[in-house]
Amino acid sequence: MAQHNSHRAAGRAVTPVTHARRAATGVGGAAVLGSVLLGTAFTGGAANADDTHLLQESSTSSSASAPAEVSAPGSTSLPAATGLSTQKLRQGDSGSAVEQLQSALNDRGANLPVTGFFGSMTDAAVESFQASNGLQVDGVVGAETRGALEAGTGSAAGSSSATSAPAGGASVPTSSSSVSGNAIVDTARSAIGTPYSWGGSTLSGMDCSGLVNFAYAAAGIDVPRTSGQIAAAGKSISQSEAQPGDVVVWPGHVAIYAGNGQIIDASGSKQQVVERSIWGNPTGFVTFR
C-alpha cells in the first residue's frame, strides 16, 4: 500500500465516474485506465483510511516501456486483415499493438493470454517464432518478424509460452478465463498471512502489486510490476463485470478481487496479506483476461 499514488504516470488524471466500459490509448500506444464504475453497492467493509498513510511501493519497474520505433524505410506493413502495427515492439511495451501481436502469435500456435502487455511470455513466444523461421532471435518485433508472421511460415512458438505456476503453484491453461481466475484467487489465498514487505513479491514478504504479480504468475499471465502500471495496462471494467481474479484499484494500491465483494490484498495497515471486504472508495476495476 502506498502513501502517495506515485505509480500513476505523471499528469495522469483520476478518471471520472461512469458506467461505461472503455479503454483509452496513451502516448506510445500504452493502454490507460479508462472510465469505470465507482462506489456502487460495495458489499461490506468500512473505509480503511489508514491504508493511505503507508510506505510507497517501488516506482521502479523491472520492464519499463521502450519508446516506440518506426519500421525501417521501405518495409512493408501487414495487410489490414492481419492488423499488426508497423511500430517496433519489444518487452515492456503495452497497448492495442501488443494485443494484435499476441493474437497473431496465437494464430501461429502460441498460447498467450491477450493482455496487451509485452511481458516475458510474449517475449519467449516471439523469440521462439523467430528461431523457428530463421530470423534474428532478439525478441524485437520489427519488419522481418512481422513479415514472417504475415507469411505464416514454420510453427509458432507457443511451446515456450509457459503457463506453469511458480514453485508451489498449480499449472493452468490460460485459454479459460474462469480457470485462470480461480488459479489467481487460489494463489492469492495461499499468500494470506505473508508479511507486508515494500517491493517484495514472494512468500517471504510482498507489497500490494507484488501480490498481484505472484498470483497472476500462477495463471501464466504477465502483468507490470507497480500498482500504477497495473492500473494503466489493464482493461477497465465495471464492478458488475468484475470476475474473481480481476484487479481492484485505489490510488497507489491494488488488490485481487475474490468475488462477492471480497478482496485479497497485501495491506500496509495490517502489515500482511489478508482477505477482507472491499474498503473505502476504489477508483475502478481492471482485467487482464
Given a Förster distance of 35 Å, report the FRET efficiency between residue 192 and residue 120 from their Cβ-Cβ distance, rounded to the nearest 0.05.
0.85
Using bins 5 angstrom wide from zero, how does P(r) for segment 178-228 break down, in % of all Cα pairs?
5, 25, 31, 24, 12, 2, 0
Separation in nanometres of the label points that stand 7 Å from Cα toward Cβ, at residue 137 and residue 277:
5.4 nm
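No value in this document is a laboratory result; all are computed from the given coordinates. Nothing here was measured: the structure is a model prediction, and the numbers come from that model. Please note: Cβ atoms are built from the backbone with ideal geometry, for glycine as well, and neighbour counts cover all protein chains shown.
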